[in-house]
Amino acid sequence: MMDNIISEDLEKTKNAVKGDAFAEKKALVTGGAGFIGSWLCDALVDFGADVTAVDDLSTGRIKNIDHLTKNPRFKLVKSDVCMFESKVKFDFILHMAGHASPDEYQVHPIETLQTSAVGTEKMAELARKNDSTLLFASTSEVYGDAEIVPTPESYWGKVNPVGPRSCYDEGKRFAEALLMAYGKQYGLDVRVPRIFNSYGPRLREDGLYGRAMSRFILQATTNQPITVYGDGKQTRSFCYITDTVTGLMLLTTNSKAKGEVVNVGNTQEVSILELAKKVKETTKCKSTIEFHPLPKDDPKRRCPDTNKLERLVGWKPTVSFEEGLKRTVTWFSQKP
Ligand code: UDP
């Protein structure tokens, strides 16, 4: 769905990124119907790229991209990334496919691992054949329950290799190692953003797919209790989607990012209880806050050190938590 909020936001993204690098180029976006993937498709089409989105719609939603399907610059291929084949010589591959919601990926641990392992190998081979630049969506989850916060890229992580989150964490860690190996062995141009919690329009809110931010907004706007896990003292740092997309596009086009692993996220750390209260305040709802058991291995604190991103590509977040939350709530309440 494309609406005023999204088109205004895309306009700002356009001003923050020099889009010339994408004009007349061929781009592949895996997970193109997903939250971040669909924003990237919108921005790339706007910049004049020919965009192929691959998505099996297991977690992505057709409504995120249906406004693009009539655009001659856009094509959707419904396929699992692990099975995707193409003879097109893509200039850029943005590999975003994956199960991102902890409640949902824990129900599909094998698929989650396969997307990161098999899917990433497929994309690395495709990029190698065509000499493409490959941007891989890694995650703050590679740090696990980090002991150093704000966390720099040099921190190795504290991950339970056999815990409930390991299908996601270890899958992404394997993919990072694989891409570093492709860089070393074949000189492949790989760039690895570690994306911290992102939010905004199109973040799924429903059922197991819902993330804390979007689920709380749904609960608040439908007069249901807001479900805080544990005591809510655990923290996350929420980055508004336009800042995330800007960071990813700068990393795709700036040659300084070649071979680099770089945090992308906002540095304003917020507790989950604070998030619940802010959602209540912003939506002016009457929902109560209900406490539920904390899931096993839920990271206690999460906040990126973004000095490297700033140094490499001159990126800084521009949307405050309050402003981003307001825009997201407005978008959710206008949604049909
Ligand atoms: N969380 C919560 N209630 C929910 C969903 C999530 O309190 O209904 C908590 C979750 O335990 C975690 C944080 O909110 O500590 C962020 O959850 P999210 O779903 O965004 O995923 P994560 O950041 O853990 O990958």
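The values are calculated or read from the model by the stated rules, or taken from the named source; none is laboratory data. What you see is a predicted model, and the numbers here were worked out from it, not measured in a lab. Cβ coordinates were reconstructed from backbone atoms using ideal geometry, including for glycine residues, and neighbour counts include every protein chain displayed.
Just one of the listed residues (Gly163, Gly171, Gly183) is surrounded by 24 or more Cβ atoms within 10 Å (Cβ to Cβ), outside any strand (DSSP E or B) and of a type outside the set (D, E, K, R), namely Gly171.
A quick yes/no check of all residues on (1) within 16 Å of the ligand (Cβ to nearest atom); (2) over 28 Å from Leu94 (Cα atoms):
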| position | (1), (2) |
| --- | --- |
| Leu248 | no, no |
| Thr253 | no, no |
| Gly259 | no, no |
| Leu275 | yes, yes |
| Lys296 | yes, yes |
| Arg327 | no, no |
| Ser333 | no, yes |
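Being surrounded by fewer than 19 Cβ atoms within 10 Å (Cβ to Cβ) and assigned to a helix (DSSP H, G or I) is the requirement here; does Ala127 meet it?
On the way: surrounded by fewer than 19 Cβ atoms within 10 Å (Cβ to Cβ): no; assigned to a helix (DSSP H, G or I): yes.
Against the criterion (surrounded by fewer than 19 Cβ atoms within 10 Å (Cβ to Cβ) and assigned to a helix (DSSP H, G or I)), Ala127 does not qualify.
Determine, yes or no, whether Gly207 is at positive phi and at pLDDT 95 or above. Considered against the rule, which asks whether it is at positive phi and at pLDDT 95 or above, Gly207 comes out as yes.
What number of residues in the stretch 205-249 are part of a loop (DSSP other than H, G, I, E, B) and crowded, with 23+ Cβ neighbours inside 10 Å?
So the answer is 1.
So that you can scan it fast, the table gives a plain yes or no per residue for (1) more than 17 Å from the chain's Cα centre (by Cα); (2) without any contact (Cβ under 8 Å) to a residue 60 or more places away in the chain:
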| site | (1), (2) |
| --- | --- |
| Val264 | no, no |
| Val270 | yes, yes |
| His292 | yes, no |
| Asp297 | yes, no |
| Pro317 | no, no |
| Lys326 | yes, yes |
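Quick check, is Ile226 of a type outside the set (S, T, N, Q) and more than 10 Å from the ligand (Cβ to nearest atom)?
On the way: of a type outside the set (S, T, N, Q): yes; more than 10 Å from the ligand (Cβ to nearest atom): no.
Here the answer is no, as Ile226 does not meet what is asked.
For the stretch 161-210, the set of residues classified as within 18 Å of the chain's Cα centre (by Cα) and of a type in the set (Val, Ile, Thr) consists of Val190, Val192, Ile195, listed by residue number. Within the stretch 134-147, being in contact with a strand residue (DSSP E or B) (Cβ under 7 Å, 6 or more places away or on another chain) and either surrounded by fewer than 24 Cβ atoms within 10 Å (Cβ to Cβ) or under 20 Å from Thr235 (Cα atoms) (or both) holds for Ser138, Thr139, Ser140, Val142, Tyr143, Gly144, Asp145, Ala146, Glu147. Restricting Arg202, Arg191 to residues that are charged (D, E, K, R), within 24 Å of Asn64 (Cβ to Cβ), away from the ligand (no atom under 13 Å from the Cβ) and part of a loop (DSSP other than H, G, I, E, B) narrows the list to Arg202.
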